[in-house]
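The block underneath contains the structure these notes are about, expressed in structure tokens.
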Amino acid sequence: MSNRSYNQYCGLAYALDIVGERWTLLIIRELMAGPRRFTDLMSGLPGISTNLLTERLKSLEQQDILIRRTLPPPAGSIVYELTPVGLALEKTLLEFGKWGSQFVPPSMDDALLLNVGSYALTLKTFFRSEQAQGLDETYELRVDHEVLHVRIHDGQVDVQQG
């Protein structure tokens, strides 16, 4: 939890104490698409400093929202991934993203960034389950050097990176 607190006996205040710091929800958004290396997170979150990303990751790990683990050989890379506690934020993030979409400008300014995490959240946010009943499809989307796998099965969508 952050050093700052709302000091209120309220679920929303406690949630904001944990995930309300700048960049925290965007880190979680990036991890919703699957485990990511530190460098993947840095490239998916342009503008965040390495120190701040490290601080946020440590805080989220202390709150059991994510874990840090080493991939088996030959990769051996350290990745960050959401725990069930972190994954439980998905529905909230989707609704928050849907609410926020009303404020997105109609045309994209060159200065605004779209990345794989943005695409994954947008696909899940605006997916229409009722229109996909009985559908069994898999898609591969390439965003710059990153890949998203989108699986639609009987009205459900799963979006994973890699």
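The values are calculated or read from the model by the stated rules, or taken from the named source; none is laboratory data. Being a predicted model, the structure only gives us computed values, none of them experimental. Glycine gets a Cβ as well: all are built from the backbone with ideal geometry, and neighbour counts include every protein chain shown.
Of all the residues in region 97-150, those that are modelled with pLDDT of 85 or more and over 21 Å from the mean Cα position of the chain (by Cα) number 8. Restricting to region 15-36, and then to whatever is of a type outside the set (A, V, I, L, M) and in contact with a Phe, Trp or Tyr (Cβ under 8 Å, 6 or more places away or on another chain), can you tell me which residue is surrounded by the most Cβ atoms within 10 Å (Cβ to Cβ)? Per the stated criteria, the residue is Arg36. Of all the criteria given as (1) surrounded by fewer than 18 Cβ atoms within 10 Å (Cβ to Cβ); (2) at pLDDT 95 or above, the one not satisfied by Ser43 is (2). Reported count of residues in region 84-106, each being loosely packed, with under 10 Cβ neighbours inside 10 Å and either among the basic types (Lys, Arg) or assigned to a helix (DSSP H, G or I) (or both), is 3. Just one of the numbered conditions (1) at pLDDT 95 or above; (2) loosely packed, with under 13 Cβ neighbours inside 10 Å; (3) not in a helix (DSSP H, G or I) is not true of Gly76: (1). Remark: pairs (first residue in region 76-88, more than 16 Å from Ala33 (Cβ to Cβ); second residue surrounded by 14 or more Cβ atoms within 10 Å (Cβ to Cβ) and not charged (D, E, K, R); Cβ separation under 8 Å; 6+ apart in sequence or on different chains) = Ile78/Phe38; Val85/Gln63; Val85/Ile65. The condition (being charged (D, E, K, R), outside any helix (DSSP H, G or I) and under 20 Å from Val147 (Cβ atoms)) is satisfied by just one residue among Glu30, Glu81: Glu81. When the criteria are applied in full, Arg68 meets the requirement of being free of Cβ contacts under 8 Å to residues at least 60 places away in the same chain, part of a strand (DSSP E or B) and of a type in the set (Lys, Arg).
The one condition from (1) loosely packed, with under 13 Cβ neighbours inside 10 Å; (2) not in a loop (DSSP other than H, G, I, E, B) that Asp109 does not meet is (2).
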